[in-house]
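> Could you have a look at this structure, given as structure tokens, before my questions?
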Amino acid sequence: MTRKFATTALALLLFVSCRTATQSTTSEPALLYDVQPAIDAARALSERPDIERAFQFVESDRETIVADWTTINEIPAPSGHEAARALHIEALLRGSGLLVERDGAGNLIATRKGAGGGSTVVFDAHLDTVFALDTDVTTRIEGNRIHGPGVGDNTRNVVALLAMIRAMNAAAVETAGDIVFLFSVEEETTFRGIDHFLAERGDSIDRFVALDGGFGGFTYGGIGIHWDRYHIEGRGGHTLSGSPPWSATLPLARAITRIYELPLGDSARLNVGMLGAANVFNAKARDAWMSVDLRSVDGDELLRLDREVEAIVAGEASRLGMRMRRESIAKRTPAVLDGHRTSPMIVTAEGVWRAFGFNPSISNTASNHAAVVLRAGIPAISSGSGPCRNAHALDESCEIEPLLTGIRRNIVLAVALASDDPARVATDVAR
């Protein structure tokens, strides 16, 4: 590793290694640190000959990027059914020189070795989508937009990882630490893929970048989530039977109305997404159920909403002589890593974003793999490689050209984050 490589790449991290400030969870002070040195270092990295060659390769690779985007998006991959998509990507990685593996959860892991002495950085893009296997995922290009269910969440970032690998290899980009490209499973449902990955490899990870939503900014913390399925159970009966007994759908409907009237704080979100009851027209439901998704970066507010939702459902069930049953599906606390907001990783990322002309929004509201990793005590951020709209909808679409910018930005971020440990470098400089 050359002295120029070490000096340029490590400047991003060295500057912030001794900076301190108070972490914020709900609002951002006007100034947390002087980010200009990080911007200058990111610009210097972008001018390094090997990275300039990588940038040029990305431009020349546009046709392959778009072709991959279309082909991969047309391989159905609902959560739990990612195998065909993973197999296709694994084939694309043959001959890349990376160590390519599959783990017990079905994650595809490709490791690009560094020169040594740096940090191990994971760049993750989940393979799964929210669309059923029989969804028409035909993908089309219109002008500078690509259209199709799943093109944004999350095929754009899967394609970005593949393009990063090709560009960095073609340009012989050197990193100090290893870059692990993770194509993960079941992000949209259980988080089983990332949980398995962390259980097996968490101790070897220094920094983690989840490529998922967003583009103009990034997150440094994770939102708390409560997922529950609430049942209201009664006697049921035929449509022609006297009332009461009522169908269990009646108290459920009343409960939903009241739940949506609950006051929410600035960071809180609430959604009743799934419903179920009887399976024929002429039956009063014995069991009517709904899913409730509660989210907040404020743990106390999350618990308050949790208690109030349960009380509402129980009260509406009792009102008609029925009972409530609650199934807890997932409970994840807000993901807060002490000092992370002003850590070398975050200042480095902000410097990279600003060097590429962005005025980034920086928030603590991740609800993806970054939040899981932060809860494991590993520094993480999440962002996206390009701008898209209508995620999780059949008319999802993305802009094509900005993805090329996102890929270049990812390359600079990868080189910077894989630099040597800033604490050790600071000691060496002091000597």
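> Could you work out, for the chain, what percent of all Cα-Cα pairs fall into each 10 Å distance bin, beginning at 0 Å and stopping at the bin that holds the largest distance?
With a bin width of 10 Å, the distribution comes to 4, 20, 28, 23, 13, 7, 3, 1, 0.
> Over the chain, with the other protein chains present, what is the accessible area per residue in square angstrom, probe 1.4 angstrom?
Roughly 42 Å² per residue, with all protein chains present.
> From the gyration tensor of the Cα coordinates in region 149-274, what semi-axes in whole Å does the equivalent ellipsoid have, largest first, with each one equal to sqrt(5λ)?
47, 17, 15
> Enumerate the whole-percent occupancy of each 10 Å bin, from 0 to the last occupied one, for all C-alpha pair distances of region 303-424.
10, 28, 27, 18, 12, 6, 1
> Amide H of Ser382 versus every other amide H placed in the peptide plane: which residues, excluding those fewer than 5 positions away on the same chain, fall under 5 Å?
When sequence neighbours closer than 5 places are left aside, the close amide H contacts are Ala210, Thr219.
> Rank Tyr260, Tyr220 by accessible area, highest first, at a 1.4 Å probe radius?
The most accessible residue leads, giving Tyr260, Tyr220.
> In degrees between 0 and 90, to the nearest 10, how far off the longest principal axis of the chain does helix 299-319 point, with axes built from Cα atoms?
Roughly 20 degrees between the two axes.
> Place a point 7 Å from the Cα of His238 along the Cα-to-Cβ direction; which residues of region 265-300 have their backbone N under 12 Å from it?
In region 265-300, the label zone of His238 (backbone N under 12 Å from the point 7 Å along Cα→Cβ) covers 282-284.
> Hey, could you pull the Cα Rg and Dmax for region 271-364, both in Å?
21.4, 64
> Hey, another quick one. Per residue of region 339-356, what does 6.51 cos²θ - 1.76 cosθ + 1.60 with θ = phi - 60° give for ³J(HN,Hα)? Whole Hz please, x for Gly and Pro, Karplus curve as stated.
Here the 3J(HN,Hα) series is x, 5, 4, 10, 6, x, 5, 6, 5, 4, 4, 4, x, 5, 4, 5, 5, 8 Hz.
> Angle, helix 36-46 long axis vs. longest principal axis of the chain, Cα atoms, 0 to 90°, nearest 10?
70 degrees
> Quick check: at a probe of 1.4 Å, how many percent of the accessible area of region 217-306 sits on carbon and sulfur atoms?
Percent of accessible area from carbon and sulfur atoms in region 217-306: 56.
> Largest first, what is the accessible-area ranking of His340, His392 with a 1.4 Å probe?
Listed by decreasing accessible area, they come as His392, His340.
> Can you give me the solvent accessible area of Leu240 with a 1.4 Å probe, rounded to the nearest 10 Å²?
Leu240 has an accessible surface of roughly 150 Å² with all protein chains in place.
> If we sort 209-215, 242-248 on the protection proxy, mean other Cβ atoms within 10 Å, highest first, what's the order?
Listed from highest to lowest mean packing, they are 209-215, 242-248.
The values are calculated or read from the model by the stated rules, or taken from the named source; none is laboratory data. Keep in mind it's a predicted model, so treat the numbers as computed, not measured. Positions of Cβ are backbone-derived with ideal geometry, glycine not excepted, and every protein chain shown enters the neighbour counts. Surface areas here come from the heavy atoms of the whole protein model, side chains and all, with no ligands, DNA or RNA. Shrake-Rupley method; radii C 1.70, N 1.55, O 1.52, S 1.80 Å.
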